[in-house]
Structure formats: C-alpha cells, structure tokens
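The values are calculated or read from the model by the stated rules, or taken from the named source; none is laboratory data. Just so we're clear, the structure is a prediction, and the values are computed from it rather than from any experiment. Every residue, glycine among them, receives a Cβ derived from its backbone with ideal geometry; neighbour counts consider all protein chains shown. Remember, those area values only see protein heavy atoms, side chains included, never the ligands or the DNA or RNA. Shrake-Rupley method; radii C 1.70, N 1.55, O 1.52, S 1.80 Å.
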Amino acid sequence: MKEGYIGILTSGGDASGMNATIRAITRSAICNGYKVKGIYRGYEGLINDEIRELTTEDVSNIIQRGGTILKTARSKEFETPEGRRKAYEVMQKEKIHTLFVIGGDGSLTGARIFAQEYDVPCIGLPGTIDNDLWGTDLTIGYDTALNTIVECVDKIRDTATSHERIFFVEVMGRDAGFLAQNSAIASGAEAAIIPEDQTDTDQLEEFIGRGFRKTKNSSIVIVTESPTGKGAAYYAERVRKEYPQYDVRVTILGHLQRGGSPSAGDRILASRLGCASIQAMMEGQRNVMIGIRNDKVVYVPFAEAIKKNKPIDKSLITVLNELSI
Ligand code: ATP
C-alpha cells in the first residue's frame, strides 16, 4: 500500500451516478495500491473534518442508487480564503495527498482556486445533470435526468391530448438548454425554449406561428428554468394574454429530475471516468477534469472545463423544428 490517502467528495447538486463514480474511484484506487478516504458533505465536510476511510465493501451495492452516499453540500465558507486554509489543514492532518471532486462547474471552480492557492493535486469528475461542462460530451447524471424528463412528458402528453391544451413544461439546466432541447426531441414535443437560442427571434412567437396549428390537438413546449424569471410560467402567462383562445397549463418538474436509479449509460460513464481518474493521477496529471469526447477519455484542464456557455449543437434545433410540423 502507498503512503497517505486519496480523498473523494461530492459537491453541488446531487446527480444520479455520483455513487457509481465514488465506487469506481474507490475500487480502482484500492486495486492500484492506494488507500481512500471519503469526505462527507462536500467542501463543508472537508473544512469540518467529516472524513473516514472507505473500503471496497463500503462501496458495495451502490452502483444502482441515486443521490450520493457521501452527501453533498454547497459551502459558502470554501469560497473564502480562510475556509480553504482550513480545508488544506484538514487535508494535511488526514494525510490526503490528492483530492477527487465530483460535481458541476461551481465545484470544479472551487477545486481550481484551491489548487492554485495550495500545492494540492485535484482531479475533477463531471457530476451534474446539466451537461454544461466544457470539454466533455457528457456529464454523469445527464442521461438519467433526460430519461426521467421524457418519462414525465410522455405522461403529460396523455393529459394534454385529452384536454387539447398547451403545456409548458419547465426542466432544469440553469443556463444550459441540453436537457430541454434533447428531451423535447425524445418526447416528440412541439418546441423547446432554450437559453442558447434567445438571440434575435422570439421563440414563443416562432412556436405559435409554426407549431400550434389546428391540425394539432395538443402542444408541449419544454422550457429551460431561468434565473431571470423567463421560465415556463412567464411563457404561459404571455400566451394567456396574447392568445386567450388557448387553454394553457404549466408543469415544473423540479427535483423529480435529480434522483432515481442511474441509467446504464450513466453507470458505464461513471465507471469509465472513475477508473480513468486514478489512471490520470498515476500519470502525474493534476488539476484536470476527466471527460469523454467521441467515446474516448480526455483530460480537460479546469480552466477549460469551467468556461461558460458550452455550445449546443445547432442542428438539434433544426431536428426538433423539422419533426414538430
Ligand atoms: P450543479 O451544476 O449541480 O449546480 P455545481 O458544482 O455547479 O453543481 P455550485 O453550487 O455552483 O454547484 O458549487 C458547489 C460548491 O463549489 C459551492 O457551494 C462552493 O463550496 C464551491 N464553489 C463554487 N464556486 C466557487 C468559487 N468561486 N470559489 C470557491 N469555491 C467555489
């Protein structure tokens, strides 16, 4: 066994497949002669020393479970130099030589800043349902969330059709439209309103003009949640005012989208990236996120991974528009 430990934490919003990632990192590490410590409640637990050793048995029977056995948290204290100093001291005390962070762009931003301030190798794994990290085609949790949304929209469709209504369904994604655009394609929705397309044309006008015709007896529009208030409720209200002849409803899927048993795709992705993260450490890589591109594992420097506005493939917009006539 090698000296010291690797430390694993999950941070930010939970995503299905985080457990499969913890399992993969732990088992691959042990298999290669490293000892592992689990850090509970993200950076908050690192600061407060909520840490214990993980064995191969500790990660048994979790590959199929949603959420995270290590718990997750958002830590305001870690955003301060003082908080990060405490985190560093705890790492020294616990003899953790490399930190594995599973989370979204906020979590990897934190890891990047921490690694700049202290000589601590950090390795990131993209764990977020939003799929908004640069340099990786997929993030762990995205596929499961997408499947959950599609299952819900299929049910809403039955009601929409029976009552001849327009449903605005709000999904997560923060400032990224991957979940909305792809769930709209997969569920046969009439339109998606996504942040990436809010440029020159009004997406609602376009949908009304193009999509909601007399030949259709129901319509579903998937809308990305909006920090600026332009979510499903906003568009529904506009339709009520501008087109009072339509019967409009809103469904906000909310936290239904995060949990649940991970899809096979997310379990495989988590397992591959988990093993690759130990490989990366053994190669001397540091301060990189382990991603997947064209079905190949890649190492993405933190600065790249957290770049804002990962582009969405515009051909997906064409696909939906052509298929929703
Ligand atoms: P999700 O995409 O699911 O929301 P996330 O990782 O983006 O996940 P955030 O809430 O943005 O979630 O970030 C998680 C945690 O990462 C924060 O609570 C904080 O502890 C840390 N963090 C985020 N930004 C910074 C920063 N600029 N400096 C230090 N730490 C940060």
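Taking each residue of the range 162-180 that is under 18 Å from ASP247 (Cβ atoms) and modelled with pLDDT under 95 and looking for partners that are open to solvent by 20 Å² or more (accessible area, probe 1.4 Å) and in a loop (DSSP other than H, G, I, E, B) with beta-carbon atoms closer than 6 Å, six or more apart or interchain, yields GLU164/ASN217; ARG165/ASP247; ILE166/TYR246.
Filtering the range 96-133 to residues that are open to solvent by 10 Å² or more (accessible area, probe 1.4 Å), among the hydrophobic types (A, V, I, L, M, F, W, C) and out of contact with any strand residue (DSSP E or B) (no Cβ under 7 Å at 6 or more places or on another chain) leaves only ILE113. The range 1-81 holds no strands (runs of 3 or more DSSP E) entirely within its bounds that carry 2 or more residues that are touching an Asp or Glu at 6+ places or on another chain (Cβ under 7 Å), of a type in the set (Gly, Ala, Ser) and surrounded by fewer than 18 Cβ atoms within 10 Å (Cβ to Cβ). Scanning the range 229-275 for residues that are surrounded by fewer than 21 Cβ atoms within 10 Å (Cβ to Cβ), of a type in the set (A, V, I, L, M) and under 21 Å from the mean Cα position of the chain (by Cα) yields ILE252, LEU256, ALA264, ILE268.
Cβ-Cβ contacts under 6 Å between residues 6 or more apart (or on different chains), taken from a first residue in the range 97-109 that is modelled with pLDDT of 95 or more to a second residue that is within 9 Å of the ligand (Cβ to nearest atom) and assigned to a helix (DSSP H, G or I), are listed as VAL101/SER107; VAL101/ALA111. Here LYS86, LYS93 are screened, and the one residue that is within 13 Å of the ligand (Cβ to nearest atom), of a type outside the set (Val, Ile, Thr), open to solvent by 40 Å² or more (accessible area, probe 1.4 Å) and over 18 Å from the mean Cα position of the chain (by Cα) is LYS86. With respect to (1) more than 14 Å from the ligand (Cβ to nearest atom); (2) in a helix (DSSP H, G or I), the lone exception for GLN116 is condition (1).
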